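The values are calculated or read from the model by the stated rules, or taken from the named source; none is laboratory data. Since this is a predicted model, take the numbers as computed values, not measurements. Here the Cβ is made from the backbone with ideal geometry for all residues, glycine too, and neighbour counts use every protein chain on show. Surface areas here come from the heavy atoms of the whole protein model, side chains and all, with no ligands, DNA or RNA. Shrake-Rupley method; radii C 1.70, N 1.55, O 1.52, S 1.80 Å.
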Amino acid sequence: MALARRSSNLLKPLSTASSSSFLHRRPFSTDDTTTITVETSVPFTGHNCEPPSRSVDTTPKELMSFFTDMALMRRMEIAADSLYKSKLIRGFCHLYDGQEAVCIGMEAAITKKDCIITAYRDHCIFLGRGGTLLESFAELMGRQAGCSRGKGGSMHFYKKDACFFGGHGIVGAQVPLGCGLAFAQKYRKEDHVTFAMYGDGAANQGQLFEALNMAALWDLPAILVCENNHYGMGTAEWRAAKSPAYYKRGDYVPGLKVDGMDAFAVKQACKFAKEHALKNGPIILEMDTYRYHGHSMSDPGSTYRTRDEISGVRQERDPIERLRKLILAHDLATEKELKDIEKQARKEVDEAIAQAKESPMPDESELFTNVYRKGFGVESFGADRKELRATLP
Amino acid sequence: MERDVRVCVMGEDVGHYGGSYKVTKGLAEKYGDLRVLDTPIAENSFTGMGIGAAMTGLRPIIEGMNMGFLLLAFNQISNNCGMLHYTSGGQFKIPVVIRGPGGVGRQLGAEHSQRLESYFQSIPGIQMVACSTPYNAKGLMKAAIRSDNPVILFEHVLLYNLKERIPDEEYVLNLEEAEMVRPGEHVTILTYSRMRYHVMQAAKTLVNKGYDPEVIDIRSLKPFDLYTIGNSIKKTHRVLIVEECMRTGGIGASLTAAITENFHDYLDAPIMCLSSQDVPTPYAGTLEEWTVVQPPQIVAAVEQLCR
C-alpha cells in the first residue's frame, strides 16, 4: 500500500504491495492521528443500494489497535482450544478464529450504545464489546467469575452495560430478538442501531424473513449481518441454499456484500449501514469470512473441506496477516514489535486463564438463583386488601 | 399503559381491529400505532421481538390470537423468555406478558380449541396464571404487567362475555395465590378457568344432595399455591381436581403429584382428577361436550369420593 502523500494518492490493491516501492522510512508514532487511506481488497457489491467507496480512512493508532485486539482474540480462541482438549471447557465450544475482522471492524464503526446480538460464536464479540479475558475464560470453565456467573457457558455470553445481548444457542432465534432491540430503540426514539448477527446456516431460517418483514414494515434500525463462513456446521452453503447470495435475500431490503476478512471493509460497511438504518430502515450485510476451526470443538473441520482450502485461506486472506503487511508497509512498527505484541497477548491470555482457574465453581445455592427475578410477583393490594403469600414446598 | 410508558402491546389485529375478542379495543386510538402494534402473522418472530424489546427494559404484552398459535413461538417462549434471566447470570430480565384465549369454545374445531397449559408448565423461569372472572382478570393482568418475570396469562374463549361489577380503582392480585370460591367441609375441589363455572353448577346440585364442597380456583398454574390448597386438604381430606386440560401430562397430573408429595398423610382417599379427554376437540357439538368435563360428572365424582 502506498502512503497517502499530500500531492498524490497512489492506491494499490494489497496483493501487489512490496516494501521495495518505498524510498525512505517515515516513522509514525502509534499515537499519531494522521489519516491514512487504505483501500479495501475487493469492491463492495450492493443490492438495491449504492455501495460505499473502497477507500477507508484510518489512523496509525487504529491500525495498531486493530492488530493488538485481533492478536488477543486469536490467542484467546487458540487457548480455548487447548483448554477444551484438556477438558476444562466442556460441552459446546464454537471458535471464532479467522473471523476476527468482522467484530473488530464493526466495533470501530459503532458506539457502545448500539446493540449487538449474535449466535453462539460469541467469545470474540464479547471481548470486542469490552468484556475481559478473565470473564471469558471463567465463563467457559463454568466459574463464578464468569460473565454469566458460570451458568451460561460458551454459548451464553452477555454484557448488558455494553449493549451486548449475547450469546444464543438456537440457530436463528436471535434475529427476531435483534429486531426487538431495534424496536425498543425506535420506541424510545434513540439514535442507535442494532446489529443482529447470524451465519449462513441460519440464513435459511423462516424467522429471519419474518423479522426482516417486520423491520422493513416499521423502519426499525436493524442491521442484519450474515457472517458467511460458507459452512453451516458440515454443510457447504451451496448444498443448503438455492441462492447463496445472502445479501440479496432481503428483496426490497438493500444489501451489501463485504469481504469479511478485511477489517477496514467491515468498518466501512458498518458505518454505511448505520447511517442507512437510522434513516431508511433495515439493511443486510453479508460478510464473506472463514473459520479455521471446525464448527465446534467436536468437529475436526476437515471431513467436509480440504486442509488445502483451509491453509490456502490462511495464507491469502488471514485478517491478522493483512494487517501485519499494512503496518509494515506503512512503517508503523517493526516485525519485532509486532511479534512482541503477539507475545504480550499470549501472556495476557495465560494470566487470565490462571486467574480464571482460581475462581471457584458456583455455590450450590446458585442453582436456584436467577430463575425468577427477585422471588415472585407482587404483593396484592387494593379492593381486596388481602396479603396472602404463597410459599413453595 | 397510562401508568408506565414502557408498556406496549403487540399481536395480530390488536390495533386498528381492536383485538379479535375486543380485548384491546380503543387502545390504538389512544396510544398510537407503535405502542399498540399490529403485527404480521409471524408468531415466532413477534414473540421474539417482544422478548428482545423486554431485554432492553420495555414491558410488552404479547397477544396470541389463540393460544394454539403460540405453539409456533414455543422456541422463543421456552429458550429465550424463560431462560435468559438465568443464562445471563441475572443481567437481563424479561418482563413480558404473553396472553391469549385458549380452551374449548363453541365448535371451533380441533386446532382452535387447544389447552396448552400442559405444554408450557415445564418451562423454567416463567409463571403461568389463568383468570376466570372479570374481577380476577383485571387484577391478575395488572399484576402480570407489573411483574418482572415472564408471565403467561391464560384466558378462555367462552369467558369474554361475562359481566360483573368490579371496582374502578386500581387493584392488583397476587399472581401466586389461589382463590377460595366457596368454603366447605367435605371435599376440596380444585379447578381453574372455565371449569370453575361447571364446578359451581355442580356445587348447587351437591348442596341439594347434602354435600358441602370447598371450591378453590387455583388461578396460579405455575407455581401452585400449595399453602391455600394444603390448608384446604388438611380440613377436608378429600381432593377432586376438575380441569379442562388434557389428561396426559396436564396441570391436574402435576397437581396430583404435588399434593401426593406434600399432603399424603392428610388424604383419606386417592386424589381424583377429572380432565378433558386425550383427543383433538371434535367439531360436532355433542362430541365436543363430551370432551370436556360436565357438571353431572363432577357430581358423580364427588359422590364416589365421599363414599
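Each residue in the range B:110-125 was checked for being among the charged types (D, E, K, R) and farther than 15 Å from B:Ile152 by Cα, and 1 of them qualify. For the range A:230-256, the set of residues classified as open to solvent by less than 10 Å² (accessible area, probe 1.4 Å) and either in contact with a Cys (Cβ under 9 Å, 6 or more places away or on another chain) or polar (S, T, N, Q) (or both) consists of A:Tyr246, A:Gly255, A:Leu256, listed by residue number. Within the range B:59-80, the set of residues being surrounded by fewer than 23 Cβ atoms within 10 Å (Cβ to Cβ) and facing chain A (nearest Cβ under 9 Å) comprises B:Asn75, B:Asn79. Of the strands (runs of 3 or more DSSP E) contained entirely in the range B:80-181, those carrying at least 1 residues that are under 18 Å from B:Gly57 (Cα atoms) and within 12 Å of the chain's Cα centre (by Cα) fall at B:97-102, B:151-156.
Within the range B:252-299, count every residue that is within 25 Å of B:Ala178 (Cα to Cα) and in a helix (DSSP H, G or I). Matching residues across the range B:252-299 total 20. Scanning the range A:306-341 for residues that are out of contact with any Pro (no Cβ under 9 Å at 6 or more places or on another chain), surrounded by fewer than 19 Cβ atoms within 10 Å (Cβ to Cβ) and among the acidic types (Asp, Glu) gives A:Asp308, A:Glu309, A:Glu316, A:Glu321, A:Glu335, A:Glu337, A:Asp340. Scanning the range B:262-302 for residues that are among the aromatic types (Phe, Trp, Tyr) and either within 15 Å of B:Val239 (Cβ to Cβ) or under 22 Å from the mean Cα position of the chain (by Cα) (or both) returns B:Phe263, B:Tyr266, B:Trp290.
Residues that are within 10 Å of chain A (Cβ to nearest Cβ), crowded, with 23+ Cβ neighbours inside 10 Å and among the aliphatic types (A, V, I, L, M) within the range B:29-57 comprise B:Leu37, B:Met49, B:Ile51, B:Ala53, B:Ala54, B:Met55, listed in sequence order.
So that you can scan it fast, the table gives a plain yes or no per residue for (1) open to solvent by less than 10 Å² (accessible area, probe 1.4 Å); (2) among the charged types (D, E, K, R); (3) part of a helix (DSSP H, G or I); (4) in contact with a helix residue (DSSP H, G or I) (Cβ under 8 Å, 6 or more places away or on another chain):
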site	(1), (2), (3), (4)
A:Ile116	yes, no, no, yes
A:Gly142	no, no, no, no
A:Ser148	yes, no, no, yes
A:Met155	no, no, no, no
A:His168	yes, no, no, yes
A:Val175	yes, no, yes, yes
A:Ala182	yes, no, yes, yes
A:Gln185	yes, no, yes, no
A:Met197	yes, no, no, yes
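Only residues that are polar (S, T, N, Q), open to solvent by 10 Å² or more (accessible area, probe 1.4 Å) and within 12 Å of chain A (Cβ to nearest Cβ) were counted in the range B:81-113, giving 2. Scan the range B:191-201 for residues that are surrounded by 18 or more Cβ atoms within 10 Å (Cβ to Cβ) and either assigned to a helix (DSSP H, G or I) or within 14 Å of chain A (Cβ to nearest Cβ) (or both) and report the count. Total satisfying the criteria: 5. What pairs come up if the first residue lies in the range B:195-218 and is farther than 22 Å from B:Gly230 by Cβ, the second is among the charged types (D, E, K, R) and part of a strand (DSSP E or B), and their beta carbons are under 8 Å apart, counting only those six or more places apart or on different chains? What qualifies is B:Met200/B:Arg182.
Taking the stated definitions as given, is B:Gly125 within 11 Å of another protein chain (Cβ to nearest Cβ), open to solvent by 10 Å² or more (accessible area, probe 1.4 Å) and small (Gly, Ala, Ser)? Judged against the criteria, B:Gly125 is not a match.
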